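Notes follow the structure.
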Amino acid sequence: MRTFRVKSLAALSVAALVGVAALSGSNAAQAENPKSITVWLMPDAKDFGTALADATTSFNRTYPNVKVNVEFQTWGDHLKKLDAALVAKKGPDVVEFGNTEVMKYSAAGALTDLSGFKARFGNSSKWLNALTEAGTYDGKLYAVPYYAGARAIMYRPSLFKAQGISVPKSYAEFLAAGKKLMAAYGTDKDFSAVYLPGKYWYAAMSFVYDEGGAIATKSGGKWVGSLTTDAAIRGLNRFKEVSDSLSRADKSGTEAAQWEVFNGGKVAMSYSNGWESCCIAKVGTDWAFFPMPSVKAGKASPAFLGGSNLAVPSYAPNAALGAAWIREFTSSAQMTTIAKSGAIPNNTKMLSLISGAAAPVAAAAKNSWFIPGAIKWVDVENANTLQTMLSDIATGKKTVAKAAADASDEITKLLN
Amino acid sequence: MGFPVYWMITTSFKPKEDILSTTPTLIPHSFSLSNYTQAVTKEGFMQALLNSLIVVFFTVVVSIFVALFASIAVARMKFRGKQIYIASILIVQMLPLSALLIPLYLLLSKLQLTDKLGGVVLTYIAFVLPFVIWTLRGFLINIPVELEEAGLVDGCTRPQVYRKILFPLMAPGLVATSVFAFIQAWNEFLLAYILLSSQDKATMPIWLAGFTNRFGTDWGPLMAASTLTALPVVIFFSLIQNKIATGVTAGAVKG
Amino acid sequence: MKKISLVARTRRKKNPWPYLLVSPSLLALGLILCYPIYKLIGLSFEKYGLSEIIAGKGTYVGLQNFTETFTDPEFWKILERTIFFTAGMVGVSVVIGAWLAHLMLNMSPILRNILNGILILVWAMPQLVSISVWRWMFSFNFSIVTAVINSLGFEMDNHNYFVNTFSGFLIIGGCVAWGALPFITISIYAALTQVPKELLEAAEIDGANSRQVFRTIIFPILLPVYIIIISLSVIWDFQVFSHIWIFLDSRPSAEYYTIAIYAFQKSFGLSEYGMGAAISLIMILTLITITGYYLRQMMKMGSE
């Protein structure tokens, strides 16, 4: 039976791993005698200083005769390529997944169960929640947290200073600050106190989670869209409030390349990823971050945590070596390098390594929300349910209550 | 008509700050070669260039040759199965590539042709052939058979008739189809990406894709790189355009 | 009068030439495409998702993929939309292409070379880049079109050109047609150059007006090329995917679904390759139906 085959395949690969790992210590290479392993990463790895090279060097100290072939993929098509490899029963030994796309593969049995090794991966007890959740299925670990991206408010200190505004510590202060900025600069048609595109669901849903709501919840084994709860409605109303009074962004647009707009100089605040500061040369050094404040004064609102995980496909020719390489690449040493290059490392212990202007972003990573852990979540993303709901709210096409109800129904339908 | 091309070229010469502006300027104020240096020094450029040239050379040469023979048969001769052949040529072009990706990969994997430029060349030939055959047939039909017959009567052998009379007259068609084949092989991304894995086998489109990462796209260098990749096509076109044009006037239509 | 070559006429019975000439192409096509097509058909009758990939075999579901698609009310709307969209793009690109080609015929050589050069450059631009430039021209924040409209005196706020699907499809279709123009123009121009000058001169001497010239001399020569161009345009434009996908930020809303996008969303995006195969076959059959009758007619005309 199919399920038996899948489970036994996963079990077999674990057994193989255990077998080879048992022999491992210093000379596992002799046992299998493979010549090389293949690692699929995104080009982003090139931005992490020497982490990649160091990981391979360290790996080769334990496995001297194994060449590490790193092949860089593209975000748009790497899953097609992986599917093709899986059909041909070939596989790379390590694959990088986006954290929102990996669960589908875990659930299908496409990945090797790494639960037995969890303790051997660096800092595994302190892994960031969102990444761990993404990489776990049915209680088993299938994909190791790699790095993350968190969001905070990127703002123009000069504009704040000119209006005598200090960094807001609550949503109420945030709203007031925005209104003051709009009063001062809003006569320019292009100016936004807070640049908030209508379909920016990562930002908008933060308001919902801040109120204690959620996109979907599991009750009695079934996933149910939960956007019609009081908490969620409150959150959505806040989103509408900010969009209506503080933002001139496209009410039906996405946040793609929003830093380009920030760079244009007519934005006071934007809900941005840490790395967006890389490219705003035109405003020079006039930028800084603060965590998006919560409705509860003095606290920060949860922010969406994006990021990547690393997994070993079930058909990997050298599963044990793949796992060993992942261990090297996510070790404390490499994580430190990654953190120093500006990305958020996979564990809470190292967040303090991110200093300076990006520190608030790292702090935001501690308090994050993630998508519902449903296998069919991908269907909801593909159907653009949340984006449509939000843009209907922002453009006024539907009332908040109606939009939320429609979206909830669709989510319930799609997730089951 | 050419505005997007103009935009691509002028952007490639703009320094980074000027590229992202809420007031786009039609005529660039500052001129900078930094994007070009960035593009050319990006890892893998020369290798990708070489790989693409190899792939394109074989694809164009083989497909034009094969298609030429086939189109002569289809345009000039009657044979059993001709209708089916023509129908197949057309139907093959209706196959959506994404549907065939996985079966194709499976096939080439069995033939040990994955991660080899040869596998990519073969696949490109298969996809380009129907189009080239179909197009050349159209051009061939316009050439009066009497010319061929006159040649045969004059004592030429069949191949000579083809070479001296037919090919020069088909020149415009040959130009259009070889440029098409060139561009297909030169700019195709998805198949190459799926079939090739090693970094040293990457073709130009795969290399170009590397300008986009989680940050979005590095526009300046991408535009510079794209302008550079467009150049070989222009060169190829002008080369064959001239060569064949002289062929036409030389092997003149004798009336 | 049938145009059969002297040689073929005398040796029609056992002429090996056609088969010899055709065999290399059959070999290439057969080698690469036979197996995938066979697999494609097989897949369309199976459920073949990620779990099946891992398990190594698909689950036979008979016609379920097909019935699911045909009973989906969205499907028919999408098909209709695709047909109209395709017709629009083909119509515009062929008409403008023909016009440009005639223009080129009557141009001075220098101008012609410049236009040729521009066409080649447009043709050579990597698709991702040309779509991105077009996107830019119509983006919300940086649109040069909005800027131009404003500078002409019409007050226009930053505008999302894609909220309205008609305007959106117009722009996307425009981009596709623009990209298709080089091939169309160059091919029609090439065909026009095949019109023997002597015939044209003779006709002029005989006093024929331009309409008669067109009908009796130019049209018959252009017909085969028009058949090629229109049939190919229909086949390609029907399958347009990347343009819509990239213009809409990889997140097209349901009103923008064409059959190619629908195929992707229902299958490849979800790694459901069985369904993807079924929808692809439906696409192919639709295309064959649409082009089949038309082609038959044209080919009958073309071979007199």
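The values are calculated or read from the model by the stated rules, or taken from the named source; none is laboratory data. What you are looking at is a predicted structure, and each value in this text was computed from that prediction instead of being measured. Don't worry about glycine lacking a Cβ; one is built from the backbone with ideal geometry, like all the others, and counts go over all protein chains shown.
Of the helices (runs of 4 or more DSSP H) lying entirely inside segment C:200-304, those containing at least 3 residues that are over 30 Å from residue A:104 (Cα atoms) are C:210-213, C:219-238, C:273-302. For segment B:178-209, enumerate the residues that are facing another protein chain (nearest Cβ under 9 Å), touching a residue at least 60 places away in the same chain (Cβ under 8 Å) and β-branched (Val, Ile, Thr). Correct list: B:179, B:194, B:206. Scanning segment B:1-34 for residues that are over 26 Å from the mean Cα position of the chain (by Cα), at pLDDT 75 or above and either charged (D, E, K, R) or not in a loop (DSSP other than H, G, I, E, B) (or both) gives B:14, B:34. Scanning segment B:137-152 for residues being more than 18 Å from residue C:22 (Cα to Cα) and either of a type in the set (A, V, I, L, M, F, W, C) or surrounded by fewer than 18 Cβ atoms within 10 Å (Cβ to Cβ) (or both) gives a total of 8. For residue B:92, are the conditions met, namely being surrounded by fewer than 22 Cβ atoms within 10 Å (Cβ to Cβ), among the aliphatic types (A, V, I, L, M), within 7 Å of chain C (Cβ to nearest Cβ) and in contact (Cβ under 8 Å) with a residue 60 or more places away in the chain? When the stated conditions are applied, residue B:92 does not pass them. Out of the residues in segment A:382-413 that are more than 19 Å from residue A:247 (Cβ to Cβ) and in contact with a Ser or Thr (Cβ under 7 Å, 6 or more places away or on another chain), which is modelled with the lowest pLDDT? In this case the residue turns out to be A:384.
Of everything listed in (1) surrounded by fewer than 18 Cβ atoms within 10 Å (Cβ to Cβ); (2) within 11 Å of chain B (Cβ to nearest Cβ); (3) hydroxyl-bearing (Ser, Thr, Tyr), the single unmet condition for residue C:226 is (1). Residues that are buried (at least 21 other Cβ atoms within 10 Å of the Cβ) and part of a helix (DSSP H, G or I) were ranked within segment C:40-68; the one that is farthest from the other protein chains (Cβ to nearest Cβ) is C:65. Taken over segment B:114-130, the criterion of being more than 7 Å from every other protein chain (Cβ to nearest Cβ) and either under 20 Å from the mean Cα position of the chain (by Cα) or farther than 14 Å from residue B:193 by Cα (or both) is satisfied by B:116, B:117, B:118, B:119, B:120, B:121, B:124, B:127, B:128, B:130.
Counting only strands (runs of 3 or more DSSP E) that sit wholly inside segment A:217-306, those with at least 1 residues that are within 14 Å of chain B (Cβ to nearest Cβ) and at pLDDT below 90 are A:267-273. For residue B:155, the conditions (1) buried (at least 20 other Cβ atoms within 10 Å of the Cβ); (2) not in a helix (DSSP H, G or I) all hold with the exception of (1). Restricting the search to helices (runs of 4 or more DSSP H) fully inside segment C:105-190 and requiring at least 3 residues that are away from chain B (no Cβ under 13 Å), at pLDDT 85 or above and under 24 Å from residue A:249 (Cα atoms) gives an empty result. Among the residues of segment C:224-272, the one identified as within 13 Å of the chain's Cα centre (by Cα) and without any contact (Cβ under 8 Å) to a residue 12 or more places away in the chain is C:232. Filtering segment A:207-233 to residues that are free of Cβ contacts under 8 Å to residues at least 60 places away in the same chain and more than 22 Å from the chain's Cα centre (by Cα) leaves A:219, A:220, A:221, A:229, A:230, A:231.
Within the option set A:107, A:85, being among the small types (Gly, Ala, Ser), surrounded by 24 or more Cβ atoms within 10 Å (Cβ to Cβ) and either closer than 30 Å to residue B:115 by Cβ or modelled with pLDDT of 90 or more (or both) holds for one residue only, A:85.
Here is the figure for segment B:57-89: residues that are farther than 19 Å from residue B:183 by Cα and either at the interface with chain C (Cβ under 7 Å from one of its Cβ atoms) or in a helix (DSSP H, G or I) (or both) total 19.
Within segment A:117-136, not a single residue is touching a residue at least 24 places away in the same chain (Cβ under 8 Å), under 30 Å from residue A:369 (Cα atoms) and within 14 Å of chain C (Cβ to nearest Cβ).
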